Amino acid sequence: MLVATSADHSPYNIERLLHATTRLAAWCHRRGLPDDPEVWLRHETIDEFVLTGCTDLRPRSAQTYRAWLRHMCATVAWLERGEQAPLRPPPPARAAGPLPST
């Protein structure tokens, strides 16, 4: 439900969001935390998850999970308050090839 709620307002790939969220939910369950997305998406929960539940990932990948989950937290908060989530940023521009030599 979290991913479905925030997917339309996120620049991230839905399958990757599902993977990160599922992994977070499983980690929370193993830690004995309530089955409550509000608990899962607290910044301190996300940070602890990244530090202790993502040790098999490269540090940059773990930080990417952190960014995805924090963005999802912010998006859900905006929607619950009845605010419009920020517009999705456009995809990054593709680099043009090398400049022609003169």
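One table, with the values for the structure above:
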read-out: Residue count, the stretch 17-41 (criterion: in a loop (DSSP other than H, G, I, E, B) and open to solvent by 20 Å² or more (accessible area, probe 1.4 Å)); value: 6
read-out: Output for the stretch 48-65, where each listed residue is without any contact (Cβ under 8 Å) to a residue 12 or more places away in the chain and under 13 Å from Arg16 (Cβ atoms); value: Leu57, Ser61, Thr64
read-out: Within the stretch 42-70, tally of residues that are surrounded by fewer than 16 Cβ atoms within 10 Å (Cβ to Cβ) and under 13 Å from Arg31 (Cβ atoms); value: 5
read-out: Number of the exception - Val39 against (1) of a type in the set (Val, Ile, Thr); (2) modelled with pLDDT under 90; (3) under 17 Å from Arg16 (Cα atoms); value: (3)
read-out: Residue satisfying all of: in the stretch 1-16; more than 23 Å from Thr52 (Cα to Cα) and in a helix (DSSP H, G or I); modelled with the highest pLDDT among these; value: Ile14
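The values are calculated or read from the model by the stated rules, or taken from the named source; none is laboratory data. What you see is a predicted model, and the numbers here were worked out from it, not measured in a lab. Cβ sites come from the backbone with ideal geometry, for glycine too, and all protein chains shown count toward neighbours. All accessible areas refer to the heavy atoms of the entire protein, side chains included, with ligands and DNA or RNA removed. Shrake-Rupley method; radii C 1.70, N 1.55, O 1.52, S 1.80 Å.
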